[in-house]
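Structure first, commentary second.
All of the numbers you see were taken from the coordinates with simple rules; none came from a lab. Keep in mind the model is a prediction, meaning the values are calculated, not measured. Counting neighbours? That spans all protein chains shown, and the Cβs are built from the backbone with ideal geometry, glycine included.
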Amino acid sequence: MKESTPEIHKKDTGKSYSFAIITISTSRAEKFGDVGSPEEAEDLSGKAMSDILTSSGHAVAFYRLVPDEEIAILEAVNSALSSPADIVITSGGTGLTSGDVTIESVAPLFEKDIPGFGELFRYKSLEEIGTAVILTRAAAGVIRGKAVFCLPGSPNAVKLALSGIIVPEAGHIVRHVGE
């Protein structure tokens, strides 16, 4: 009997994947410099991501803290793409201020956009933060055969994105971007 579409999509559920986490925060990068873990930088969002991933059976293969500057962001993303990580997640710099340059830095690298991620993230955020969801430019795309997610910097935003979208779809995502 042929598998149905939902069965095919959930085929990779339960497998372990490797993630790269990049926190983008000028103030935190200036205060803590080059650190090896979210705990060393008092990075609540990075720690929340790490905790969600490891408690879900996944690994964190890469962590970097960088200022909200295009060159630093691009260097971190390129390093993460060269790491063993299957999925790259950035946190921070997705807002509307002049200092928020994550999307301007990363989105031009997308070989394919994943517009459904930003749409679903904003939809799921509506109940929590109301119409302020229009202020986020959360985005995702594929670069060099890896999915890259650009999330807002708040701990609640990363928890929602990881627990409600990315972790449940990790296997599906990795399988499709690797085809």
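Summary table
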quantity	calculated
Using alpha-carbon coordinates, inclination of helix 70-82 to the longest axis of the chain, degrees	40 degrees
Separation in nanometres of the label points that stand 7 Å from Cα toward Cβ, at Ser16 and Ser79	2.4 nm
Correct choice for Rg and Dmax of the Cα atoms in Å that was computed from the model, options (1) 17.9, 66; (2) 15.6, 59; (3) 15.4, 46	(2)
Cα long-axis angle, helix 115-129 against the chain (0 to 90 degrees, to the nearest 10)	70 degrees
Inter-part distance where the range 153-179 and the range 73-125 are each reduced to a Cα centre, Å	12 Å
Angle between the chain longest axis and helix 44-55 axis [Cα atoms, degrees, rounded to 10]	30 degrees
Additional length obtainable on full extension of the chain from Leu135 to Glu119, 0.36 nm per residue less Cα span	4.5 nm
Gain in span if fully extended, Leu109 to Asp51, counting 0.36 nm per residue against the direct Cα distance	18.1 nm
